[in-house]
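What follows is one structure encoded as structure tokens, with my remarks underneath.
The values are calculated or read from the model by the stated rules, or taken from the named source; none is laboratory data. Note that the structure is a prediction, hence the values are computed from the model and not measured. We place every Cβ from the backbone using ideal geometry, glycine too, and count neighbours over all the protein chains shown. For the accessible areas, the whole protein counts, side chains as well, though only heavy atoms, and no ligand, DNA or RNA atoms are used. Shrake-Rupley method; radii C 1.70, N 1.55, O 1.52, S 1.80 Å.
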Amino acid sequence: MKLATYAESKEPILHERLSTASGIDLQFMAKAYQSSYHLPIKKEGLAGSINFWSAEKDAFPPELIKALGELVKGME
């Protein structure tokens with residue numbers, strides 16, 4: 001499962017076209033969604049990821065990525 005590894009990532013992960021992502025879980029999600037953005041988060045010593053999904057391709061422009069990053073930082 002590819003998505004489970006995103007919690008340990010040092011950087012956010014963007015899939016502009018989810019259908020090209022590897023991992024059986026992401027391929028399954030590609031049946032419903034076109035793009036995704038994943039931000040790793042650590043809270044109280046536990047790792048996880050905040051995942052955003054969109055039915056549109058290329059749904060995460062730079063200004064949205066910046067805003068989502070700031071949102072997640074506020075959660076840590």
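Condition check ((1) part of a helix (DSSP H, G or I); (2) within 16 Å of K2 (Cα to Cα); (3) open to solvent by 60 Å² or more (accessible area, probe 1.4 Å)) across all residues:
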position	(1), (2), (3)
S49	no, yes, no
F52	no, yes, no
G69	yes, no, no
E76	no, no, yes
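Return the residues of the stretch 15-40 that are surrounded by 15 or more Cβ atoms within 10 Å (Cβ to Cβ) and not in a loop (DSSP other than H, G, I, E, B); say none if nothing qualifies. Across the stretch 15-40, the qualifying residues are H15, L18, L26, M29, S35, S36, Y37, H38, L39, P40.
If you go through the stretch 1-39 and pick out every residue that is among the small types (G, A, S) and within 15 Å of K57 (Cβ to Cβ), you end up with 6. Would you point out the residue of the stretch 54-67, among those that are in contact (Cβ under 8 Å) with a residue 24 or more places away in the chain and charged (D, E, K, R), that is surrounded by the most Cβ atoms within 10 Å (Cβ to Cβ)? For the stretch 54-67, the residue satisfying everything is K57. Within the stretch 10-47, can you find the residues that are charged (D, E, K, R) and within 15 Å of I65 (Cβ to Cβ)? Scanning the stretch 10-47 gives E11, E16.
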